[in-house]
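Asks: Please find one structure pasted underneath; my questions will follow.
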Amino acid sequence: MSEKAPALELKGLTKRFGEVIANDHVDLKVEHGEILSILGENGSGKTTLMNMISGIYFPDEGSIFIDGNEVFIASPMDAFKYHIGMIHQHFKLVDIFSAAENIVLGLKEKGRYNIKKSAEKIRQICDLYGFDLDPDKKIYDMSVSEKQTVEILKVLYRGADIMILDEPTAVLTPQETEKLFDVLRRMREDGKAILIITHKLNEVMELSDKVAVLCKGKYVGTVKTSETNEKQLAEMMVGKKVDLNIDREDPKNGDVRLKIKDLVIYDDYGSPVVDHVSFEAKSGEILGIAGVAGSGQRELLEAVSGLQHIRQGEIVYKDPDTGKEEILNGMNPALIQQRGIRLSFVPEDRIGMGLVGDMDIIDNMMLRSYHDGKTMFLKRDYPKELADDIIEKLEVKTPSAKTPVRMLSGGNVQKVLVGREIAASPSVLMAAYPVRGLDINSSYTIYNLLNEQKNAGTAVIYVGEDLDVLLELCDRIVVMCSGTVTGILNARETSKEEIGLLMTKGKATASVNENEEKNEV
């Protein structure tokens, strides 16, 4: 009896973009009823490879086989024809449509659409795999996890047997992540072949059957999850030994550097996105901010840095040298800098807000200091030295310091931005999702930089989505839900489950307040 062919097999798959080889003769296979995790550093070719499987790119060389038969996938329509579905990290949904309407959108059916019949089929799929979703619910009324469920149901409705998920847990709470894992396990039992791109090694170990590793566009190998560990996988990804420990020292009884008092911020529609928020950030500590996407984290940091209009409340900065307090309300970033307020901000939007994509690394270093120029001729010596220093110390992969920032990978862009902000010697450093989309090696480089700033007496505010990292890196954690603070926790004494519950509820529990009191002692 012949052995059953793999659900999906790649042989010598190659993709070039000009002189850059994104995928270099990659061989890979995944079986029916198997979950395969795809690991690799930024720029290792993971997304390019998945885009070829899903029909977004067409390979320059190599072959794709489905159930042992060679196929040609030149478009997403071809991918659907071969029962391949990809769930992207950024959802593609119509807000004013219901779940059912989004799921059937674009499908060709004989006669008129019967939305009730479609909704019934969706409910059957939900019952089969354990999804919790109302097909009639509008997208604008849904949580992030519900929107993701709609995206998964879209490909299942179209008959997908091979599923690709790109960073599926990036914006989920621990409870939502566990629900998703249960669903994926049921799909595996039903014979689905599942490929997952993720950077979270703990989730790889918990969920996958096998792990395929890419490095610099080349296939390194596939290992059984039961026969490996996180350290070995990290070393396969980067080609050298990697230290996966975050050395967290105790806070040094720091002074308050930033006070947020009863802060209220409205969105463009007149609704509060930050609703009566209060907390303090102290020197020599890392204060984490946790919350599902859209809970007000971005607006909060932008308000502190002078980029958001404040409706109510105060932002008070305390100078570390003079002890003088200054209210930042109404100040823009230029005025904050002119007043000598040592505040640095690494925004979520790296290119849009942090750096100028068409400018080279040297010129992006100058953005922080050009106002200080005494003449029309700007001195480039120090910015060049700073750029070269950041490239060397942070291992930025770039042809030179004169390379436009838009030509760099996301991880290298982030290193340039974080390096520039730290070089300003801030007393308050705010970082919004500084490791989002970064590989393990780059992520730990950023964690170590933040710890160095903490140990130098800086008040570090870190907004992150990986609760394991928040618990290991931070000293205290502010939890936000729908624009309000639902708790302030001692990171050494709380758990992912407690944080997850507070991320989805409207008021703090007694235990949260007790933890906060412990921190204030």
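The values are calculated or read from the model by the stated rules, or taken from the named source; none is laboratory data. Keep in mind that what you see is a predicted model, and the values were worked out from it rather than measured. So basically every Cβ, Gly included, is an ideal-geometry build from the backbone, and we count neighbours across all protein chains shown.
Asks: Name every residue in the stretch 56-75 that is under 21 Å from Ala5 (Cβ atoms) and either of a type outside the set (S, T, N, Q) or outside the structural domain of Lys137 (by TED's automatic domain parsing) (or both), in order of residue number. So that I can check it myself, show each step before the final result.
Replies: The first filter runs over the stretch 56-75 and keeps only residues under 21 Å from Ala5 (Cβ atoms), leaving 59, 62-73.
Hits for the stretch 56-75 are Pro59, Gly62, Ile64, Phe65, Ile66, Asp67, Gly68, Glu70, Val71, Phe72, Ile73.
Asks: State which residue pairs qualify: first residue on the phi > 0 side of the Ramachandran plot and inside the stretch 20-36, second residue basic (Lys, Arg) in any location, beta carbons under 9 Å apart, and separation of 6 or more residues or different chains.
Replies: His25/Lys11; His25/Lys218; Gly33/Arg188; Gly33/Lys192
Asks: Across the stretch 237-262, what is the total count of residues that are in contact with a Cys (Cβ under 7 Å, 6 or more places away or on another chain) and crowded, with 16+ Cβ neighbours inside 10 Å?
Replies: Qualifying residue count, the stretch 237-262: 1.
Asks: Hey, does the stretch 40-54 have a residue that's farther than 25 Å from Met237 by Cα, of a type in the set (A, V, I, L, M) and in a helix (DSSP H, G or I)?
Replies: no
Asks: Could you please let me know if Ile341 is under 23 Å from Ile488 (Cα atoms) and either modelled with pLDDT under 90 or out of contact with any Ser or Thr (no Cβ under 6 Å at 6 or more places or on another chain) (or both)?
Replies: In short, no.
Asks: I need every pair where a residue in the stretch 462-480 that is without any contact (Cβ under 8 Å) to a residue 60 or more places away in the chain has its Cβ under 7 Å from the Cβ of a residue that is in a loop (DSSP other than H, G, I, E, B) and surrounded by fewer than 24 Cβ atoms within 10 Å (Cβ to Cβ), sequence separation at least 6 or different chains.
Replies: Once the first residue is without any contact (Cβ under 8 Å) to a residue 60 or more places away in the chain and sits in the stretch 462-480, its partners that are in a loop (DSSP other than H, G, I, E, B) and surrounded by fewer than 24 Cβ atoms within 10 Å (Cβ to Cβ) give Leu471/Ala491.
Asks: Now a separate question. Please specify each residue of the stretch 402-418 satisfying the condition of being surrounded by 22 or more Cβ atoms within 10 Å (Cβ to Cβ) and either free of Cβ contacts under 8 Å to residues at least 60 places away in the same chain or among the charged types (D, E, K, R) (or both).
Replies: Listed by number, the residues that qualify are Val405, Leu408, Lys415.
Asks: Only one of Lys15, Lys29, Lys11 is assigned to a strand (DSSP E or B), touching a strand residue (DSSP E or B) at 6+ places or on another chain (Cβ under 6 Å) and buried (at least 21 other Cβ atoms within 10 Å of the Cβ). Can you tell me which? Show your work before the answer.
Replies: Numbers: Lys29 fails: buried (at least 21 other Cβ atoms within 10 Å of the Cβ); Lys11 fails: buried (at least 21 other Cβ atoms within 10 Å of the Cβ).
That would be Lys15, the only listed residue that is assigned to a strand (DSSP E or B), touching a strand residue (DSSP E or B) at 6+ places or on another chain (Cβ under 6 Å) and buried (at least 21 other Cβ atoms within 10 Å of the Cβ).
Asks: Okay, next question. Restricting the search to the stretch 273-304, which residues are at pLDDT below 90 and either part of a strand (DSSP E or B) or in contact with a Leu (Cβ under 7 Å, 6 or more places away or on another chain) (or both)?
Replies: none
Asks: Identify, from the list Val223, Val238, Val213, Val171, the residue that is over 28 Å from Cys474 (Cβ atoms), β-branched (Val, Ile, Thr) and under 22 Å from the mean Cα position of the chain (by Cα).
Replies: Sole residue among the options that is over 28 Å from Cys474 (Cβ atoms), β-branched (Val, Ile, Thr) and under 22 Å from the mean Cα position of the chain (by Cα): Val213.
Asks: Among the residues of the stretch 455-470, is any in contact with a Leu (Cβ under 8 Å, 6 or more places away or on another chain), among the hydrophobic types (A, V, I, L, M, F, W, C) and in a helix (DSSP H, G or I)?
Replies: no
Asks: Return the residues of the stretch 132-154 that are surrounded by 16 or more Cβ atoms within 10 Å (Cβ to Cβ) and more than 20 Å from Val292 (Cα to Cα); say none if nothing qualifies.
Replies: Step one: filter the stretch 132-154 for residues surrounded by 16 or more Cβ atoms within 10 Å (Cβ to Cβ), giving 133-135, 139, 142-154.
Within the stretch 132-154, Asp134, Pro135, Leu153, Lys154 qualify.
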